[in-house]
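Report on the structure given below.
The values are calculated or read from the model by the stated rules, or taken from the named source; none is laboratory data. These numbers were taken from a predicted model, which means no experiment stands behind them. Cβ coordinates were reconstructed from backbone atoms using ideal geometry, including for glycine residues, and neighbour counts include every protein chain displayed. When the accessible area is computed, the model is the full protein with side chains, heavy atoms only, and any ligands, DNA or RNA have been set aside. Shrake-Rupley method; radii C 1.70, N 1.55, O 1.52, S 1.80 Å.
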Amino acid sequence: ALGSASEKERASPPARDAQGQEQQLKKSLKSATVRVSAGELRGQSVSLLDLLFSKYVPQEKRQELLELYRAGILSTEQVATVVATMVSRTEAANAALVASARSPRRAGTAAGQEQQQEEEED
């Protein structure tokens with residue numbers, strides 16, 4: 001009976017350490033802020049933790065970034081840079097989609113002009 005009790009005690013601290021590390025990780029991500037330059041959060045300073053769990057960061061990418069951060073491969077600043085870039089790229093892609101959806105005639109006209117030029121060259 002004594003053997004099993006000491007095994008439990010030995011197994012318990014690492015679990016607490018892991019929990020403590022996770023808390024520390026969240027704390028450092030929460031305290032790091034990113035100045036957002038695009039989208040609905042433009043001009044605001046948002047916690048890195050909130051941005052990581054926003055619509056801008058797909059789940060697979062979030063997990064990858066968190067794993068690299070936990071392993072010490074990426075610093076807080078590097079994670080912040082990646083996330084800020086993702087926000088900007090997502091917003092740029094959305095803006096391009098909205099622009100092309102609003103002006104289908106312009107796209108059609110440009111295509112028509114190209115076709116005319118090709119016909120004239122033949």
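Against the conditions (1) at pLDDT below 90; (2) out of contact with any strand residue (DSSP E or B) (no Cβ under 9 Å at 6 or more places or on another chain); (3) closer than 27 Å to ALA93 by Cα, where does GLU77 fall short? Just the number, please.
(1)
Each row is one residue, and each column tells you yes or no for (1) β-branched (Val, Ile, Thr); (2) open to solvent by less than 40 Å² (accessible area, probe 1.4 Å); (3) not in a loop (DSSP other than H, G, I, E, B).
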{"position": "GLN23", "(1), (2), (3)": "no, no, yes"}
{"position": "LYS27", "(1), (2), (3)": "no, no, yes"}
{"position": "ILE73", "(1), (2), (3)": "yes, no, no"}
{"position": "MET86", "(1), (2), (3)": "no, yes, yes"}
{"position": "ALA92", "(1), (2), (3)": "no, no, yes"}
{"position": "VAL98", "(1), (2), (3)": "yes, no, yes"}
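So if I check each of GLN63, GLN24, GLN59, which one is over 22 Å from VAL87 (Cβ atoms) and modelled with pLDDT of 85 or more?
Details: GLN63 fails: over 22 Å from VAL87 (Cβ atoms); GLN59 fails: over 22 Å from VAL87 (Cβ atoms).
Sole residue among the options that is over 22 Å from VAL87 (Cβ atoms) and modelled with pLDDT of 85 or more: GLN24.
Would you check which residues across region 32-62 are in a helix (DSSP H, G or I) and either open to solvent by less than 10 Å² (accessible area, probe 1.4 Å) or touching a Gly at 6+ places or on another chain (Cβ under 8 Å) (or both) and list them? Lay out the reasoning, then the answer.
From region 32-62, those in a helix (DSSP H, G or I) are 39-41, 48-52, 59-62; that's our starting set.
Within region 32-62, LEU48, LEU51, LEU52 meet the criteria.
Does THR81 fit the bill of being open to solvent by 70 Å² or more (accessible area, probe 1.4 Å), among the β-branched types (Val, Ile, Thr) and without any contact (Cβ under 8 Å) to a residue 12 or more places away in the chain? Let's see the steps before the verdict.
Details: open to solvent by 70 Å² or more (accessible area, probe 1.4 Å): yes; among the β-branched types (Val, Ile, Thr): yes; without any contact (Cβ under 8 Å) to a residue 12 or more places away in the chain: yes.
The answer is yes for THR81.
When TYR69 is evaluated against the numbered criteria (1) open to solvent by less than 40 Å² (accessible area, probe 1.4 Å); (2) of a type outside the set (A, V, I, L, M); (3) under 14 Å from GLU91 (Cα atoms); (4) part of a helix (DSSP H, G or I), which criterion, by number, is the only one it fails?
Result: TYR69 fails condition (3) only.
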